[in-house]
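To start, the structure under review is shown below, and the notes come after it.
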Amino acid sequence: MSFYPQIARENYNAKTGDYVPDWQKLAKAHKGIKISEIDLKSMQFGAYSPAYVSTNEDWRFAMQELQPNGKTVLTVMGGGDQAIAFAMSGAKSVDTFDTSYFAKVMMDIKSAAIQTMDKKQYSQFITDLHKATSIKAVDGYDLIKPVCNRQSMIAATQMAGYKIFSNGTGVRDEYMPTDEEFNAAKKIINMPMNFIWSDIRTLNAHLKQKYDIIYLSNIFEYFNNSADITNVLNNLGAHLNPNGQIMMYTSWIHTDISEVIVAAAEKCGWGKAKSHDTKNAVMLTLTRTR
């Protein structure tokens, strides 16, 4: 699949620059239609939905529990923080995927910013991107332009007027890198990461290898039922090395959806589900045992 700016812009309000998810298009086309809460969630993301500028997950806890040093990793791209964390934690290789093309653009921009800015500049740059309608208007653009992946930079400039980095609530300071972490990232994050542009339901068709860790963030929170989750886990399990782990869900607390995910995982006869808990987070994994 290729990036087409004309199609991408059709997914945004030309006047406000805001993203228009599929459920809003459906509601506009069919006045008075009642859209279920499940469909509101599942139709929130698309091939050109906005990227996150920052994670809201305790990535340090995830690295502590998953121990990625020397391991092969496949992670959702999101805002790129998970991929950066795995690289800094010594992963042997890091592949990424996401439904949205702008997740790749965000990661390439972050990579360029890490290379060319100090920690203070980087934090402000990422903060400003969240509400920006043009990357050229953000302080730091001139720094990243010469080193940023050309394809991603062209895509970002072609989307001037549209809020392509506006997903989520913006930067979470507690999950931004410390000075030490930022300096470590400078030594490692210096080139584009392998990116698979795919919805998780068809991701397995694009995979060419097996991994020690597959990191899915909170994707299953947006699924309609347990059977769909089990199906995705089985498809991805075929691309997991023995004793490899799928990180299925992470949150501040156990919720109803975490119970649904555990029930779905327990239907996979090849693995064992486990809850990793700390005072501030809970993380669910499925480990290949056979």
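The values are calculated or read from the model by the stated rules, or taken from the named source; none is laboratory data. Please read these numbers as outputs of a predicted model, since none were measured by experiment. Here the Cβ is made from the backbone with ideal geometry for all residues, glycine too, and neighbour counts use every protein chain on show. Each accessible area value is taken on the protein alone, full model and side chains, heavy atoms only, with ligands, DNA and RNA left out. Shrake-Rupley method; radii C 1.70, N 1.55, O 1.52, S 1.80 Å.
Couple of notes before you dig in:
- Centroid-to-centroid separation of the stretch 1-27 and the stretch 240-290 [C-alpha atoms, Å]: 34
- Computed FRET value (nearest 0.05) for residue 191 with residue 267, which takes r as the C-beta separation and R₀ as 51 Å: 0.80
- Within the accessible area of the stretch 117-227, the carbon and sulfur atoms contribute 48%, probe 1.4 Å, all protein chains present.
- For the chain, the solvent-accessible area with a 1.4 angstrom probe is 48 square angstrom per residue.
- Peptides 24-31, 78-85 ordered by average Cβ neighbours within 10 Å, highest first: 78-85, 24-31
- Rounded to the nearest 10 square angstrom, residue 199 shows an accessible area of 60 square angstrom against a 1.4 Å probe.
- Value at 222 nm in deg cm²/dmol, rounded to 500, when DSSP H runs of n ≥ 4 in the chain each add -39,500 (n - 2.57): -10500 deg cm²/dmol
- Between the entries [x] 29, 25, 17; [y] 28, 23, 21; [z] 38, 26, 19, the label attached to semi-axes √(5λ) of the Cα gyration tensor in Å calculated for this structure is [x].
- Annotation note: trypsin sites (Lys or Arg not before Pro) in the stretch 90-135 located in DSSP loop regions with a Cβ neighbour count of at most 14 within 10 Å are 92, 131.
- Estimated FRET transfer efficiency when R0 is 25 angstrom, pair residue 115-residue 173 (beta carbons, to 0.05): 0.70
- Label-to-label distance for residue 13 and residue 221 is 2.4 nm, based on points extended 7 Å past Cα in the beta-carbon direction.
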